[in-house]
1. Treating the angle as unsigned and between 0 and 90°, give the value, to the nearest 10°, between the Cα long axis of helix 268-282 and the longest Cα principal axis of the chain.
2. Could you sort Thr69, Thr92, Thr322 by their accessible area in this structure, using a 1.4 Å probe and putting the largest first?
3. Which one, Ser287, Gly114, Ala46, projects farthest toward the positive side of the charge dipole computed for the chain from Cβ point charges (K/R +1, D/E -1)?
4. Just the number, please: carbon plus sulfur as a percent of the accessible area of the range 403-446, 1.4 Å probe, no ligands or DNA/RNA counted.
5. For helix 323-335, what angle does its Cα long axis make with the longest principal axis of the chain, in degrees from 0 to 90 and rounded to 10?
6. What percentage of the solvent-accessible surface of the range 185-286, computed with a 1.4 Å probe over protein heavy atoms, is contributed by carbon and sulfur atoms?
7. Using only Cα atoms, what Kirkwood radius does the range 314-354 have, in angstroms?
8. Could you size up the charge dipole of the chain around its Cα centre, putting +1 on the beta carbon of Lys and Arg and -1 on that of Asp and Glu, and report it in debye to the nearest 20?
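The values are calculated or read from the model by the stated rules, or taken from the named source; none is laboratory data. Because the structure is predicted, anything quoted here is derived from the model rather than measured. As a convention, Cβ positions derive from the backbone with ideal geometry for all residues, glycine included, and neighbour counts pool all protein chains shown. The area values use the complete protein model at the heavy-atom level, side chains included, leaving out ligands, DNA and RNA. Shrake-Rupley method; radii C 1.70, N 1.55, O 1.52, S 1.80 Å.
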Amino acid sequence: MGLTRRDILAGLGAAAATGAAGAEAPLRVPRPPARGTDMSRAAVDAASSLVTRSGLSGQVAYAVADAGTGEILESRNAGLPLPPASTAKALTTLYGLDKLGPDHRFETRLLATGPVQDGRIMGDLVLAGGGDPVLDTRDLMELAASLKEAGIREVGGQLKVWTGALPGIYEIDGEQPDHVAYNPAVSGLNLNFNRVHFGWSREGSSYQVSMDARAGRYIPGVQMARMEVVDRRGPVYTYEQGEGRDDWTVARGALGQSGARWLPVRHPGLYAGEVFQVLARSQGIMSRGAVGIAGAPEGRELAVRRSAELQPILMGMLEHSTNLTAEATGLGAALSDGPQVATLAASAGRMSEWLAARHGLEATALEDHSGLGDDSRATARDMVRAMLASQEEGRLRPLLKPFRIEDRRFDVAAKTGTLNFVSALTGFVSGPGDRDLAFAILTGDLPRRDALTVAERERPAGGRRWIGASKWLQRALLERWGALYTL
């Protein structure tokens with residue numbers, strides 16, 4: 001008779017309970033059965049030896065289980081809460097697929113608040129977002145082209161944007177540097193992952209700078225994000241939030257001859273509206289004045305752009321670890337699951353409650369859906385529980401990307417997570433035998449991370465070496481577990 005998810009989680013909980021007194025040692029280290037071909041197994045390094053050899057400072061926690069039965073095979077500090085970093089996106093994937101469904105599509109609509117007469121909208125044109133996290137400039141061009149095909153030539157009123165499908169979030173994590181593009185605003189209308197492209201080139205003693213919303217062959221310039229080159233030694237970037245715009249400065253000495261980088265957008269609705277206005281004009285559709293804010297998504301629908309289905313969107317999120325996709329998906333799922341939430345913390349709290357009720361994740365407490373905030377906590381035991389539970393519907397494992405290890409006898413599908421002095425990995429191992437494994441590895445030196453200033457967080461001293469040591473340990477543990485339990 002097949003095992004149910006309840007049977008697997010009950011076995012996992014029982015195994016975890018028996019090892020609570022020995023948090024520093026594996027709950028169980030089975031000795032490989034003595035067979036003639038098991039000499040290579042006997043030569044496998046002990047897990048504790050691998051941890052020592054890694055030289056990692058801070059805490060190391062892991063758990064590995066038989067994916068078929070839920071039996072814990074090895075663990076260390078399995079109940080220790082640590083930041084999950086971007087492995088939290090695997091949990092958001094489970095939540096989004098459950099609450100929104102794998103076939104869910106986000107809609108971005110164009111609405112006319114008045115009648116259309118002779119190609120002229122006798123009212124406002126509203127660009128109404130539906131929370132699409134992957135909307136880009138090419139999609140807005142498609143909407144502009146659809147409007148032209150419908151015979152629209154002019155907006156008599158004002159171009160407005162509606163962002164209320166999701167709450168407006170100024171930034172994902174308030175402890176990040178202002179200029180990092182992976183920490184943008186979130187709203188119901190997002191564009192290009194809410195990033196603006198800043199480019200520069202030296203011209204004599206000055207610089208030519210550009211701010212644009214490029215995607216594919218479209219490179220519309222924007223005015224709501226502005227850059228000024230200033231003479232100073234530091235900091236490299238400064239940011240001020242203007243009235244409906246993002247004001248940046250950059251230190252001249254940091255630029256060199258030429259270059260480019262993405263910067264975060266803090267007014268995503270107005271950013272998308274300005275870009276659409278430029279693209280619509282390229283199609284001969286004129287609107288007057290600045291972009292406004294609509295109070296509601298009301299009016300006659302003139303065009304709609306539907307995203308891809310949620311499942312492939314989440315596969316892309318897991319592959320590229322896009323924080324905006326995680327936050328928009330998590331917020332959308334939370335709103336479908338109860339009353340309005342106004343903050344990421346409230347939304348992530350609702351997801352944490354769902355994870356506890358649905359999958360038995362007892363010690364998981366998240367402050368966002370992407371793992372960017374380092375106050376989120378999860379345990380290796382809980383992450384393994386999530387991996388095991390995800391197999392019931394088979395939705396997560398096919399979305400995880402391959403994780404390479406040196407021993408090619410084993411296949412690993414996993415989600416990575418990295419912050420300064422934090423590194424995590426969770427997923428599945430399969431080998432030539434008939435046993436698959438579910439695992440989670442969490443490492444973190446939190447005192448060292450907490451000691452960093454904001455200015456040090458983009459490239460902290462010793463950070464790359466620490467992450468390298470953690471990734472070496474991850475691969476070494478995976479090769480150990482594959483050799484012991486899947487051959």
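1. Helix 268-282 sits at roughly 50 degrees to that axis.
2. Values: Thr69 60, Thr92 0, Thr322 30 Å².
Solvent-accessible surface, decreasing: Thr69, Thr322, Thr92.
3. Toward the positive end, the furthest listed residue is Ala46.
4. Here it works out to 38 percent.
5. With both axes taken from Cα atoms, the answer is about 90 degrees.
6. Of the solvent-accessible surface of the range 185-286, carbon and sulfur hold 45 percent.
7. Values: mean 1/r = 0.0949 Å⁻¹.
In the range 314-354 this quantity evaluates to 10.5 Å.
8. 1040
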